[in-house]
Each structure stands twice: as C-alpha cells, then as structure tokens.
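Asks: Before we start, here is the structure in question, set down as structure tokens.
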Amino acid sequence: MRLVPASPQIVYLQELRPAPRLEDSIQILVGQRIVRADEDDDEDDDEDETPRPRSDELLVRVVYTCQVVVSNPGDRERKLELLLQIPRGALPVEGCRRTESRALELGGFETESVEYSFYFPEPGEFEHLPVQVAYREAVVASPPARILSVVAKLSQVDTTSWSYVSQRGTLDEVMAYLERA
C-alpha cells in the first residue's frame with residue numbers, strides 16, 4: 001500500500017494474530033465463576049452442607065460478577081497478562097469494560113483474584129470467552145469457553161437462598177432462615 005498525504009500525519013498499525021499456547025511448559029492455574037452480585041457468597045458455607053439445586057441460567061437485567069482466580073504454584077515470580085472479556089450480549093457495569101487487559105505479577109506460590117461485572121439486557125444464548133492468561137506473549141492458562149443461557153424467568157429456583165426467602169418468603173420462613181443463619 002502506498003499513501004501520499006497532503007499534510008503531515010501519524011499512521012498506527014495494529015495486528016491481531018493468534019497467540020501461541022505454552023500450557024505445558026509454564027504452570028499457572030486459573031479458574032473463573034459467575035455469581036449474582038446481589039447474593040451473599042457466605043450462603044455456601046452453611047454448617048449443614050445441604051446441597052442446593054443450582055441453575056446454569058442467568059436472568060436478564062440482573063448484575064453478575066465474574067470472579068477470576070489465578071495461582072502460581074511454582075517458586076518463581078511470573079509477570080502475567082490477563083485478557084478479560086464480558087460475555088457477548090452483555091453490557092459492562094461498575095466501571096468495567098467490554099474487554100480489558102491487566103498486568104499481574106504473581107510471586108512464587110501466590111494467588112490473586114480479579115472481578116468484573118455485567119448484565120444482560122435481553123434473553124438468549126451467549127458465548128462467554130474465558131480469561132486468557134499470557135506469559136511472554138504466549139497463552140499459558142485458560143478455562144474452556146461456555147455458552148450462557150439468559151432467561152426472563154428461571155426454570156429452577158433455589159427456594160432456600162436468602163435472596164429468595166427475603167423477597168418471597170412468609171414471616172415464619174424469614175425468621176426460620178435467620179435462626180439457621
């Protein structure tokens with residue numbers, strides 16, 4: 001390509017290309033999960049350890065937080081780069097961006113967590129590309145991609161959670177929950 005400008009100009013070039021994968025040579029552990037931003041995470045710590053029905057469905061117009069945990073099980077410090085993306089079809093909230101790159105320095109045997117929040121304005125099936133962890137411009141860890149089912153009404157409801165009992169429970173059910181908690 002040849003460009004002959006009429007006045008002085010600055011030209012920027014950006015190249016997008018697949019990054020090589022080095023998951024076998026550098027040991028970095030990564031996990032992520034999506035939780036409702038308005039639910040108390042301590043509900044999972046009940047003493048009775050009663051399993052609760054969970055749904056893979058997400059509700060429209062509800063804020064969710066993706067919690068990402070990165071661990072360095074080795075003894076050497078690693079300077080990592082995280083690529084975070086909200087799911088397709090979602091909108092960012094709480095100062096988050098659709099796509100964000102973050103530098104992360106993990107010392108030996110250290111773990112760090114990162115969160116970002118979003119919501120879905122419309123129901124549908126949406127792809128969520130997971131966090132990509134890179135070391136020296138090569139991907140070293142990434143969970144599998146997922147398809148998220150976003151619905152207007154959940155097909156399965158956890159009637160034992162505080163968010164359900166506090167909003168829809170009888171006075172007796174609320175008091176019983178508070179006594180247990």
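Asks: Any idea which of 115, 105 is at pLDDT 95 or above, touching a Lys or Arg at 6+ places or on another chain (Cβ under 6 Å) and under 22 Å from residue 79 (Cβ atoms)?
Replies: Sole residue among the options that is at pLDDT 95 or above, touching a Lys or Arg at 6+ places or on another chain (Cβ under 6 Å) and under 22 Å from residue 79 (Cβ atoms): 105.
Asks: Scanning the stretch 115-142 for residues that are open to solvent by less than 10 Å² (accessible area, probe 1.4 Å) and among the β-branched types (Val, Ile, Thr), which turns out nearest to the chain's Cα centre (by Cα)?
Replies: 131
Asks: Give the residues of the stretch 104-124 that are over 23 Å from residue 88 (Cα atoms) and either aliphatic (A, V, I, L, M) or part of a strand (DSSP E or B) (or both), sorted by residue number.
Replies: Matches in the stretch 104-124: 104, 105, 106, 111, 112.
Asks: Considering only the stretch 29-39, I want to know if a residue exists there that is under 26 Å from residue 167 (Cβ atoms), modelled with pLDDT under 80 and either open to solvent by 40 Å² or more (accessible area, probe 1.4 Å) or not in a loop (DSSP other than H, G, I, E, B) (or both).
Replies: yes
Asks: Only one of 89, 74 is modelled with pLDDT under 95, in contact with a Phe, Trp or Tyr (Cβ under 9 Å, 6 or more places away or on another chain) and small (Gly, Ala, Ser); which?
Replies: 74
Asks: If you don't mind, another one. For the stretch 125-139, what are the residues that are among the basic types (Lys, Arg) and under 20 Å from residue 88 (Cβ atoms)?
Replies: none
Asks: When the stretch 153-181 is examined, which residues are found to be assigned to a helix (DSSP H, G or I), open to solvent by 50 Å² or more (accessible area, probe 1.4 Å) and touching a residue at least 12 places away in the same chain (Cβ under 8 Å)?
Replies: Scanning the stretch 153-181 gives 162, 180.
Asks: Please enumerate the residues belonging to the stretch 75-117 that are within 18 Å of residue 31 (Cβ to Cβ) and without any contact (Cβ under 8 Å) to a residue 24 or more places away in the chain.
Replies: 102
The values are calculated or read from the model by the stated rules, or taken from the named source; none is laboratory data. The shown structure was predicted, so the numbers you read here are calculated from the model rather than taken from an experiment. Methodologically, a virtual Cβ is constructed for each residue, glycine included, from the backbone with ideal geometry; neighbour enumeration extends over all protein chains shown. To get the accessible areas, we keep the full protein, side chains included, count just its heavy atoms, and leave off ligands, DNA and RNA. Shrake-Rupley method; radii C 1.70, N 1.55, O 1.52, S 1.80 Å.
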